[in-house]
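A.B. asks: Pasting a structure here, questions to come.
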Amino acid sequence: MFVLNGNMADLLEKFYLPFGGKLSPTNRWVQLASFIPWDKVEEKYVGSFQSPAIGQPAYSVRVALGSLIIKERLGVSDRETTQQIRENPYLQFFIGYSEYVDEEPFHHSLMTHFRERLGIEILGEVNDRIAQAALEAEQDEAAKSKKSSNRDQDDDNNDGGGFQLTMDVGEALTVPEQTPATAKKSRNMTKRFHVLPPASAPAAVNVTNKGTLMLDATCAPADIKYPTDLGLLNHAREILEDMIDALHHPHIGLMEKPRTYREKARKSYLGVSKQRKASGKVIRKAIKKQLGFVGRDLRIIEVLIQHTPLTELSKRHYRQLLIISELYRQQREMTEKKTHVIADRIVSIEQPHVRPMVRGKAGSNVEFGAKIAASLVDGYAWIETAQWDSFNEATTLQASVEAYKQRFGYYPAVILADKIYRNRDNLNYCKELGIRLSGPKLGRPSKDQSEVSDRMQERQDAAQRNAIEGKFGEGKRKLGLGRIRARGAETSLTVIAIHPGSTVRRYTNRRGTFQYKAFGDCG
């Protein structure tokens, strides 16, 4: 059964502390709670229950989502999360408590159920609302500051002030028209301010297009051991040996236990894994040996299930048996064909949904986790696509542009993306909509690209596009996206969506005043 929450607008004022005092409205958890549209999330959360009116009362969405945000924000385990909530009144306020209670809010095992109910679709809508609300607040603040600055400029002009160049955010800088008497000054100003679109861009700018959209992709690595074919087969063999022991246990003294040669197999594995740098020939020979041991164990299990039903195995062992059977088929096929590529390759028995992602990065050519295509607008990021299978990020450009229009009501004027996004389909699509896509032209470099204006534009685009790379780095170094500790396929995507949306960053603007800025889907 699920009970809707009431109005919590005055929760902060009425929050009771037994040791006196009141909660500070400037606390980061209080600020973050004001950004999250709890009522909207609650409407989506109710839909995840099969029978909301039957059964015991369920925990509110503020408890469920708030606890997940606390866990990912603090980077602690599920058990530690409940302890932190018990000890901190601000965290209890964040999950909707009206007073401080010195006890755990729930059993830590419920965190897994919270992750299952709050999927990436629900969190995507939540983070979208958070980012849009913060953007609107910033735009209102910018409009107020612009009006005050215009008043100051009017006062300066009345006092006999000189020439001043003004522009709006997102507009291209152009050279103001000068009189012949100031021709020398115009040339110097051109070197400093002349930033024009490439020659291929249309001269007329579409007034309905506004803003800059940045696109890029990254990988959120899963918390798994670095996989090797030899290590996977050895791990599979050890699991199968435990299954054989469980299936043979009811027949001890009645039936002879089959030989598994586990000591010989273990010795063979250690003889290669402990070598400092084993050659390819030695590794291939060791893999063939482990394949033989794994195949023997699978055949033994087929014989044992004729006497002992598979119900003697635990759910975990039964699931691992299915995964190991597929792993054995893949490894045997790659060994026979002498290749290292196969569809849906398993790299972890505990997390079979994880796939290798060839990224070509320095120090980590291959990563293992979910691939994320993200977009960045004015410092706020959204997850456009998150998949376990590898994909070409260029195929997400058009969907990202349409999502941008749905969020803001107009198409972007400029798209800053990597060269991989510049295929013919995307170029034609952007040309029809009057959008400038950054990067060089397809084919051989032409003489036009050697012009100073083109080189300046490419350098400027590359410098601006660093913002989305920095957002990825911030998410991986500070928000935990560098290692996703959830084990399930759906719960891992939930954790990925929670990380950036759970953060409120305090920053100082140029005037020296403090403001709070919320992040969108991806950091």
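The values are calculated or read from the model by the stated rules, or taken from the named source; none is laboratory data. Only a predicted model underlies this, so the values are computations on that prediction, with no experimental measurement involved. Backbone-built Cβ (ideal geometry, glycine too); neighbour counts: all protein chains shown. SASA here: full protein model, heavy atoms, side chains in, ligands and nucleic acids out. Shrake-Rupley method; radii C 1.70, N 1.55, O 1.52, S 1.80 Å.
A.B. asks: How much space per residue, in cubic angstrom, does the convex hull of the C-alpha atoms of region 232-385 take up?
C.D. replies: 159 Å³
A.B. asks: Quick check for you: which residues of region 279-313 have the amide N under 12 Å from the point 7 Å beyond the Cα of Arg332 toward its beta carbon?
C.D. replies: 291-300
A.B. asks: So, one more: Mean 1/r over all different Cα pairs, inverted: what Kirkwood radius does region 319-474 give, in Å?
C.D. replies: Radius from the Kirkwood sum: 18.6 Å.
A.B. asks: How large is the charge dipole for region 333-385, taken about the Cα centre, if only the Cβ atoms of Lys, Arg (+1) and Asp, Glu (-1) carry charge, to the nearest 20 debye?
C.D. replies: Dipole about the Cα centre, nearest 20: 240 debye.
A.B. asks: Share of region 238-358's accessible area from carbon and sulfur, percent, 1.4 Å?
C.D. replies: For region 238-358, the apolar C and S fraction of the accessible surface comes to 53 percent.
A.B. asks: At a Cα cut-off below 14 Å, give the aspartates and glutamates reachable from Lys14, other chains included and same-chain residues fewer than 8 away excluded.
C.D. replies: Glu99
A.B. asks: Also, quick follow-up: Using bins 10 angstrom wide from zero, how does P(r) for region 383-490 break down, in % of all Cα pairs?
C.D. replies: Taking every Cα pair in region 383-490, the percentages come to 11, 35, 34, 16, 3, 0.
A.B. asks: Right, something else. Could you give the length gained on full extension between Lys267 and Arg345, defined as 0.36 nm per residue of separation minus the Cα-Cα distance, in nm?
C.D. replies: My answer for the length gained is 25.4 nm.
A.B. asks: Arg483 versus Ser149, label points 7 Å from Cα toward the beta carbon: distance in nm?
C.D. replies: Between Arg483 and Ser149, the simple spin-label model gives 4.4 nm.
A.B. asks: Let me ask you something else. Can you work out the base-10 log of I(q)/I(0) for region 247-326 at q = 0.26 1/Å, using the Debye formula on its C-alpha atoms alone?
C.D. replies: One equal scatterer on each Cα of region 247-326 leads to -1.26.
A.B. asks: At 0.36 nm per residue, minus the direct Cα-Cα distance, what do Arg459 and Asp242 gain on full extension? Give it in nm, one decimal, please.
C.D. replies: 72.2 nm
A.B. asks: Right, next: Normalised by the number of residues in region 28-150, what is the relative contact order in percent for Cα pairs under 8 Å and 6+ residues apart?
C.D. replies: 32 percent
A.B. asks: Continuing with the same structure: In region 21-113, carbon and sulfur make up what percent of the accessible area (probe 1.4 Å)?
C.D. replies: 47 percent
A.B. asks: Here's something else I'd like to know. Let me see the pair-distance distribution of region 29-92: every alpha carbon pair, 10 Å bin width, integer percents in order.
C.D. replies: The distribution over region 29-92 is 18, 47, 30, 5, given as percents.
A.B. asks: Here's another thing I want to ask about it. What is the distance in Å between the Cα centres of region 25-98 and region 335-371?
C.D. replies: 35 Å
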